[in-house]
Each structure stands twice: as structure tokens, then as C-alpha cells.
1. Residue 150 versus (1) farther than 28 Å from residue 51 by Cα; (2) aliphatic (A, V, I, L, M); (3) surrounded by 13 or more Cβ atoms within 10 Å (Cβ to Cβ); (4) over 15 Å from the mean Cα position of the chain (by Cα): which is the lone unmet condition?
2. Any idea how many residues of the stretch 75-93 are of a type in the set (Ser, Thr, Tyr), farther than 24 Å from residue 140 by Cα and either not assigned by TED's automatic domain parsing to the domain that holds residue 15 or not in a loop (DSSP other than H, G, I, E, B) (or both)?
3. Checking residue 90 against (1) touching a strand residue (DSSP E or B) at 6+ places or on another chain (Cβ under 8 Å); (2) among the aliphatic types (A, V, I, L, M); (3) closer than 30 Å to residue 180 by Cα, which single condition isn't satisfied?
4. Among what's in the stretch 7-46 and is aromatic (Phe, Trp, Tyr) and over 21 Å from residue 88 (Cα atoms), pick the residue that is modelled with the lowest pLDDT.
5. State whether one or more residues within the stretch 159-172 are of a type in the set (Phe, Trp, Tyr) and surrounded by 11 or more Cβ atoms within 10 Å (Cβ to Cβ).
6. Looking at 156, 120 in this structure, which one is charged (D, E, K, R) and either touching a Cys at 6+ places or on another chain (Cβ under 6 Å) or exposed (fewer than 11 other Cβ atoms within 10 Å of the Cβ) (or both)?
7. Modelled with pLDDT of 75 or more, within 30 Å of residue 165 (Cα to Cα) and in contact with a Cys (Cβ under 9 Å, 6 or more places away or on another chain), is that true of residue 102?
8. For the stretch 46-74, what are the residues that are touching a helix residue (DSSP H, G or I) at 6+ places or on another chain (Cβ under 9 Å), over 15 Å from residue 7 (Cβ atoms) and assigned to a loop (DSSP other than H, G, I, E, B)?
Amino acid sequence: MTSTIKKKILLLLFSGLEFSYSYTPNRQWRVLKNLSRKWKEINKKELTKEIANLYKSKMIGRKENSDGSITIVLTEKGKLNTLNYYFESMKIKKENWDGKWRIVSFDIPEKKRRGRDALRKKIKELGFCELQESLWVYPYECKNEIDFIIEYFNLRKYVRFAILNYIDNELHLKEIFKLI
């Protein structure tokens, strides 16, 4: 079983990767705020111990820079574990509704059943509402999370994501998502 502090360390290192892939200053600011908050929660003695354990388990490595400083980097094994932690703890922030509906639709073949079932379970867990079989709706920004799930299970060619300005049963959906 992985310790809580080990998960935090890996997720903090992953935040650097997440920051580098953030395209908007707003998203980068959110990543930095979360990183700062999580960093303050870590006990420094436990941190030192767990970093040594992460080196032993080959989840992190060191990179010596030209200026003599050292950078801690995630190994492939560390990235995989971190992606698993991120997937397990993923949540979508429910900010002010912008009046648009996010639609996720998929037609995933039987040979990818495990990925299909995991996708369905995760979007249901995140709060999506099923409109029809394999057609789900959600009112808040969630493209990054959906892209992550799709890539995580290698389902890109089977899943579509759309943003709608209008849907004929909007009143019903507003009641479901408590928007009225």
C-alpha cells in the first residue's frame, strides 16, 4: 500500500508536468495554488524518508543540471503510478455555469470492454447524467478531465466530446444538476 505522503510527493512532481501543459494563465495559476497548498501540508522529516523510498523503488530519479543543481524527475514507473493516483482522485470543479452543456458520446468495441466500462464508471462517478446509452451530459467545464480519461484508457478514436448551447430538455437537466 502506498503511503499518503508518497502519493502527495508524486502528485506534486506531476503538478510540474501539468503546469507545463497548461495553456492558459488561469489554469497555470490554479496548478500553482494547489501545489503551494499541498506542499505546506507535508511533514519535512516524512518527506526526506519518502523521497529515499521513492529513489529505491525507482519512481523518481535525479538529473544534474549544468549549474550544479539537481532536479528530481519522475521515471516512467513514477509517471504511471501518478497517473493512477490522479485518475482515482479526479474531480471536476463546479464553477459558475456558463449556460453550455458538455456532451460525451462513445461507441467502444467489445474488445475494449474494460476501458468502456471504466470510462462509463468514471464519468458517472464525476456526476455526468446519461441522456441515452453511451451519451452523457454535464454542465461544467470538463474537457481536460475527459481528455485525460480518454488517453488513460487509449480510447481516443471511440469517444466524442461536444459543447452545446441548446438542448431541448434543458429544464429537466437544470433540475438534475440543481441549476435552478
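The values are calculated or read from the model by the stated rules, or taken from the named source; none is laboratory data. Model, not experiment: these values are computed from the prediction. Counting neighbours? That spans all protein chains shown, and the Cβs are built from the backbone with ideal geometry, glycine included.
1. (4)
2. Applying the first criterion (of a type in the set (Ser, Thr, Tyr)) to the stretch 75-93 yields 75, 82, 85-86, 89.
Restricting the remaining residues to those that are farther than 24 Å from residue 140 by Cα gives 75, 82.
Going one step further and asking which of them are either not assigned by TED's automatic domain parsing to the domain that holds residue 15 or not in a loop (DSSP other than H, G, I, E, B) (or both), we end up with 82.
Number satisfying all stated conditions: 1.
3. If we test residue 90 against (1) touching a strand residue (DSSP E or B) at 6+ places or on another chain (Cβ under 8 Å); (2) among the aliphatic types (A, V, I, L, M); (3) closer than 30 Å to residue 180 by Cα, just (1) comes out false.
4. 23
5. Start the filter on the stretch 159-172 by keeping residues that are of a type in the set (Phe, Trp, Tyr), which leaves 161, 166.
Filter again for surrounded by 11 or more Cβ atoms within 10 Å (Cβ to Cβ), leaving 161.
Yes, there is a match, as at least one residue in the stretch 159-172 is of a type in the set (Phe, Trp, Tyr) and surrounded by 11 or more Cβ atoms within 10 Å (Cβ to Cβ).
6. Working: 120 fails: either touching a Cys at 6+ places or on another chain (Cβ under 6 Å) or exposed (fewer than 11 other Cβ atoms within 10 Å of the Cβ) (or both).
Going through 156, 120 in turn, the sole match is 156.
7. For residue 102, the condition - modelled with pLDDT of 75 or more, within 30 Å of residue 165 (Cα to Cα) and in contact with a Cys (Cβ under 9 Å, 6 or more places away or on another chain) - is met.
8. Let us first name the residues in the stretch 46-74 that are touching a helix residue (DSSP H, G or I) at 6+ places or on another chain (Cβ under 9 Å), namely 46-47, 49-51, 53-54, 57-62, 72-74.
Now restrict to residues that are over 15 Å from residue 7 (Cβ atoms): 58, 61-62, 72-73.
58 - this is the single residue of the stretch 46-74 that is touching a helix residue (DSSP H, G or I) at 6+ places or on another chain (Cβ under 9 Å), over 15 Å from residue 7 (Cβ atoms) and assigned to a loop (DSSP other than H, G, I, E, B).
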